[in-house]
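Reviewing the structure listed below.
Nothing in this text is a laboratory measurement; each read-out follows from the coordinates by a stated rule. Everything numeric here is computed off the predicted structure, so don't read it as measured data. Please note: Cβ atoms are built from the backbone with ideal geometry, for glycine as well, and neighbour counts cover all protein chains shown.
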Amino acid sequence: MRRARTSTPLQALATLNDPAFWEAARALARRMRDDVGPSAGVDGRIAHGFRLSTARRPGARELRALRALYQRERARLGDDVALALVANVLLNLDETLTNH
């Protein structure tokens, strides 16, 4: 079964707030943190999560946007939560949710 592509706000709201997606995001964030060493830094962690989610490397613009989200949320919520928020965004990308 294939999931149809859609850009409806209701779908985005449902997946962004779904407890199963948050559990998956926390698990992805753990992999993003644990699979790469500390020397990879935040860019390495984000790039790893992006590759796990989309099967490709992030472009420079994508990486900048995700890094900015991480840095903004890290200042407010701390490292682990910020990484989980980035992971949640990755899991909710249209590219992740649908087969092209």
Among Gly49, Val86, Ser39, the residue whose Cα sits farthest towards the positive end of the charge dipole of segment 23-95, when +1 is placed on the Cβ of each Lys and Arg and -1 on the Cβ of each Asp and Glu, is Ser39
When all Cα-Cα pair distances of segment 22-95 are considered, the percent exceeding 19 Å is 21
Given unit charges at Cβ for Lys, Arg (+) and Asp, Glu (-), the dipole magnitude of segment 22-95 about its Cα centre in debye, nearest 20, is 200
Leu52 and Arg26 label points (each 7 Å along its Cα→Cβ direction) are spaced in nm at 1.5
